[in-house]
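For reference, the structure is listed below as structure tokens.
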Amino acid sequence: MSEAKSFEQILEEDGVLVYTSKGFSMYPLIKQNRDLLVIRKPEGELKKYDIVLFKVKTKYLLHRIIEMDGDTIVTAGDHNAFKDSRIRKDRVIGVLSAIVRDGKEIDIHDPKLELYGKLVSDFFEVKAFGLKTKALGGKIKRKIFG
């Protein structure tokens, strides 16, 4: 039996990786167990708002670039109230190029998706405040009503 290939190996050999996402950090853009994600090796310079695949310890993350500074980037999930730690650009192993939903390929550079990406990135602090407030409301509700 052969050993499973890492995402890095698949991208290096095939240039493209297609998989189904786990987790909710990119909700509502990407829904767990519904969407197929098409990831390609990075070509050219990374850009703010790109959705990039990178590895932290043993875990892969697919998050949006919200800040760039020289050779480093800061990413965050669209549905996260916190930013990821700053990483070097050369740690990025792939860039999301499309989402396949219900058999239809959605280009990640569709103008509506690009506008959405700019809004969740440029208004990160507002979004984070809303998510934290919603979570606090849920905790209070559970304390009161059980």
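Taking only the Cα atoms of the stretch 50-146, the radius of gyration and Dmax are 16.0, 50 Å.
Placing +1 on each Lys and Arg Cβ and -1 on each Asp and Glu Cβ, with no other charges, gives the chain a dipole about its Cα centre of roughly 1160 debye. Of all lysines in the structure, those lying under 19 Å Cα to Cα from K55, and not within fewer than 8 positions of it along the same chain, are K5, K22, K41, K47, K83, K89.
The translational diffusion coefficient of the stretch 11-81, from Stokes-Einstein at 25 °C and 0.890 mPa s with a Kirkwood hydrodynamic radius over alpha carbon pairs, comes to 188 µm²/s.
Over the chain, with the other protein chains present, what is the accessible area per residue in square angstrom, probe 1.4 angstrom? Counting only protein heavy atoms, the per-residue value for the chain is 65 Å². The Rg/Rh ratio for the stretch 1-122, using Cα coordinates for both the radius of gyration and the Kirkwood hydrodynamic radius, is 0.94. Relative to the compact-globule estimate of 2.2 N^0.38 Å, the Cα radius of gyration of the stretch 92-146 comes out at 1.70. For K143, a cut-off of 25 angstrom between C-alpha atoms picks up these lysines, skipping any fewer than 8 places away in its own chain: K127, K132, K134. Compared with the dominant Cα axis of the chain, that is its longest principal axis, helix 124-145 is turned about 50°.
The values are calculated or read from the model by the stated rules, or taken from the named source; none is laboratory data. Here the structure is a predicted model, which is why all the values come from computation and not from measurement. Heads up, the Cβs are rebuilt from the backbone with ideal geometry, glycines too, and the neighbour counts pull from every protein chain shown. Side chains included, ligands, DNA and RNA excluded: accessible areas come from the protein's heavy atoms. Shrake-Rupley method; radii C 1.70, N 1.55, O 1.52, S 1.80 Å.
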